[in-house]
Amino acid sequence: MSTKSKSINLKTDINQDERLKKVSKLKLLLNRPELGALGGAILVFIFFGIVAGDTGMFSAYGMLNFLDVSANLGIIAIAAAMLMIGGEFDLSIGSMIGFAGICIAIPAIYWGWPLWMSIVFAFSMAVLVGYFNGILVVKTGLPSFIVTLAMLFILRGATLALTRLITGRTQVPGLRVLIENDPVAWIFATDTFKWLFTWLGSMKLIALRTDGTPLATGIPPSVIWFIFLAIVTTWILMKTRYGNWIFASGGDKIGANNVGVPVGRVKISLFIGTAVAATIFATIQVLDAGSADTMRGTLKELEAIAAAVVGGCLLTGGYGSAIGAAFGAIIFGTVSMGIFYTDVDTDWFKVFLGAMMLIAVIFNNYIRRKVTESK
Amino acid sequence: MSDYLVQFNNISKFFGKVIALKDVTMKLRKGEIMCLLGDNGAGKSTLIKTLAGVHKPDEGEIIVEDKKIIFDSPKDALDIGIATVYQDLALVSLMSVTRNFFMGREPMKGPPFFKTFDIEKANKIAAERMGQIGIDVRDPSQAVGTMSGGERQCLAISRAIYFGAKVLILDEPTSALGVHQASVVLKYIVKAASQGLAVILITHNVHHAYPVGNSFTVLNRGKSLGTYEKKDITREKLLSMMAGGEELNKLEVELEEMNRLSSQ
């Protein structure tokens, strides 16, 4: 989608008044917030291509591995980016993941609900939590950082306490058997393009198990969700009225209000967005693992924000892109998995994560100055 | 049928015991620029907010095109065609010219339920409108932050006109601008008025107001010191009517005295 909008920009340039200076393609590209993350992702691939090119990292199986990790992070990073563009933070994403997990597992295992009903229940709870976060921030005018930090503790604590109260432990296993024949679960638990992998396997193009089936069986659902969300959110930001309102609400909420943008409603909807994204993340992981863990998603909110920042979002709001956050997630996912294929100790991953974020913030700050500077 | 587009008759506004405005009357014809002059604290802001529908007047009436109007909110004022451009301009500097121009009122295209923001049309209109003022937007998708203060002011005014303003209230449009930028904005205001708008220009700068105004209302401590046609009043008289004007005159005399003494 972003390439499409770029080409449209270029077209209007050409059609413009001949008095006006033409803007070079390069400068237009430099104005895009996701540029840094795109460049970073390319660098990361080049790096691992050189360092780990012959280790199996770039086999079908290896690639699906790091794409799966990237996609999982990407799902929440995209929602976090949308909210950041709207001028707010959500630190409760990680806790919401844990909470959504048990909202699926406990009704399904202990109360005998059908799995689809538990999934619908979890998403309803997400809408409630997101709405509550949003209305609290909008009505009190308090910084969302504080409000959602409180929600981080409340949700994680409630997840632990309720799970122990109902089940007597902190993990709820036994979901795997319920997935089959469920009318909803397949949306979060089906590998796609299996035929392609079977065919590639039969052509001996990808690695096979000893029984002759391919090692990589299909595209995991996280990747499909990730691509779907990246496209939809980019389309929303670039092409819809609501997208314009998101930028406006984050850029200057008083100004936006004065010209009739429903800033409160926009922000609340974005908080619902992050909670729902956390629930998509949780559903995919819970169904994949077959169990819900109360600690699932710990610290994920910070990784999501980091990916959004690397993707070009400003911490002050009003600027950024969803596709940038997607690239940010790909960088983190690729490095976190890729590091296993190198001789580097995996302990260094967090160092990389921090350094990457620091560079991104400095770069973004520079870009913002460029963009807002008067002639 | 009077020939006034909008009349504010005997407007008073009280905040508790404080009399913020008392019996202020202003009448505007189409194509007229009325300058509202006053020093800081004269009640200009309260008057603007009352005209813009933010405050309800405690006394007096607002008559638009011979109909008595009561505003309940700024939106009511806007719907009737009274648009206010505040000092903060309601522009987002990180967003493009086009996205700012249509912020909150985006043109849409496509079938129901799948309507999208018609960026191409919006770009075209924004570039066209800015071009009419003579502002060189190299690219309507450039950020407003890259524009000069005067250009931003013009963008905000141009946006208000595009969305149907009949009466334009401008709050200190030139106060933050240099001489050249201010003259660009003033020129645009005159042009807008010549197209049939009534403009209320609020300022404390007589030198900006005098060349463009058709009439002048001076506000002092919440009361109108009267409205004067341009032919009936000089720049110097206006200056001295504003609170502080006399003090400035006194200062001028003193400084001349000092100069005279030191040159001796």
Checklist entry - Out of the range B:124-135, which residues are out of contact with any Asp or Glu (no Cβ under 9 Å at 6 or more places or on another chain) and at the interface with chain A (Cβ under 10 Å from one of its Cβ atoms)? => result B:Lys124, B:Glu128
Next on the checklist: Filter the range A:234-248 down to the residues that are within 9 Å of chain B (Cβ to nearest Cβ) and either buried (at least 21 other Cβ atoms within 10 Å of the Cβ) or among the β-branched types (Val, Ile, Thr) (or both) and list them by number.
Outcome noted: A:Met238, A:Thr240, A:Gly243, A:Asn244, A:Trp245, A:Phe247, A:Ala248
Checklist outcome for this item: Residue hits (the range B:82-113; surrounded by fewer than 19 Cβ atoms within 10 Å (Cβ to Cβ), more than 10 Å from every other protein chain (Cβ to nearest Cβ) and touching a residue at least 40 places away in the same chain (Cβ under 8 Å)) are B:Gln87
Item to check | Exclusive hit being in a helix (DSSP H, G or I) and under 30 Å from A:Gly87 (Cβ atoms), set A:Val127, A:Val120, A:Val177 | outcome: A:Val127
Checklist entry - Does A:Ile227 qualify as being modelled with pLDDT of 95 or more and surrounded by 23 or more Cβ atoms within 10 Å (Cβ to Cβ)? => result no
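Are any residues in the range B:110-138 charged (D, E, K, R), part of a loop (DSSP other than H, G, I, E, B) and modelled with pLDDT of 80 or more, and if so, which ones?
Selection gives B:Lys115, B:Asp118.
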Checklist entry - Residues in the range A:250-259: is at least one of a type in the set (Val, Ile, Thr) and within 14 Å of chain B (Cβ to nearest Cβ)? => result yes
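Conditions (1) aromatic (Phe, Trp, Tyr); (2) closer than 24 Å to A:Ala325 by Cβ; (3) in contact with a strand residue (DSSP E or B) (Cβ under 7 Å, 6 or more places away or on another chain), marked per residue:
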site	(1), (2), (3)
A:Val51	no, no, no
A:Thr55	no, no, no
A:Asn65	no, yes, no
A:Val69	no, yes, no
A:Ala77	no, yes, no
A:Met82	no, yes, no
A:Ile93	no, yes, no
A:Ile97	no, yes, no
A:Ile102	no, no, yes
Checklist entry - Of everything in the range B:139-153 that's assigned to a helix (DSSP H, G or I) and among the small types (Gly, Ala, Ser), which residue is nearest to the other protein chains (Cβ to nearest Cβ)? => result B:Gly145
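So that you can scan it fast, the table gives a plain yes or no per residue for (1) closer than 30 Å to A:Pro183 by Cβ; (2) surrounded by fewer than 23 Cβ atoms within 10 Å (Cβ to Cβ); (3) in contact (Cβ under 8 Å) with a residue 24 or more places away in the chain:
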residue: A:Leu43; (1), (2), (3): no, yes, no
residue: A:Met57; (1), (2), (3): no, yes, yes
residue: A:Tyr61; (1), (2), (3): no, yes, yes
residue: A:Leu67; (1), (2), (3): yes, yes, yes
residue: A:Ser70; (1), (2), (3): yes, no, yes
residue: A:Met84; (1), (2), (3): no, no, yes
residue: A:Ser95; (1), (2), (3): yes, no, yes
residue: A:Gly98; (1), (2), (3): yes, no, yes
residue: A:Ala105; (1), (2), (3): yes, no, yes
Checklist entry - Are any residues in the range B:61-81 of a type in the set (Asp, Glu) and surrounded by 13 or more Cβ atoms within 10 Å (Cβ to Cβ), and if so, which ones? => result B:Glu61, B:Glu65, B:Asp76
Checklist entry - Looking only at residues in the range A:310-334 that are surrounded by 24 or more Cβ atoms within 10 Å (Cβ to Cβ), more than 14 Å from chain B (Cβ to nearest Cβ) and more than 12 Å from the chain's Cα centre (by Cα), which one is nearest to A:Arg32 (Cα to Cα)? => result A:Val310
Checklist entry - Any residue in the range B:155-165 that is touching a strand residue (DSSP E or B) at 6+ places or on another chain (Cβ under 9 Å), crowded, with 20+ Cβ neighbours inside 10 Å, part of a loop (DSSP other than H, G, I, E, B) and among the small types (Gly, Ala, Ser)? => result yes
Next on the checklist: Condition first: without any contact (Cβ under 8 Å) to a residue 24 or more places away in the chain, among the hydroxyl-bearing types (Ser, Thr, Tyr) and assigned to a helix (DSSP H, G or I). Now tell me which residues in the range B:180-228 satisfy that.
Outcome noted: B:Ser183
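Could you list, in sequence order, all residues of the range A:306-328 that are hydroxyl-bearing (Ser, Thr, Tyr) and within 16 Å of A:Thr234 (Cα to Cα)?
Across the range A:306-328, the qualifying residues are A:Tyr319, A:Ser321.
The values are calculated or read from the model by the stated rules, or taken from the named source; none is laboratory data. For clarity, every value in this text was computed on a predicted model and none was experimentally measured. Here the Cβ is made from the backbone with ideal geometry for all residues, glycine too, and neighbour counts use every protein chain on show.
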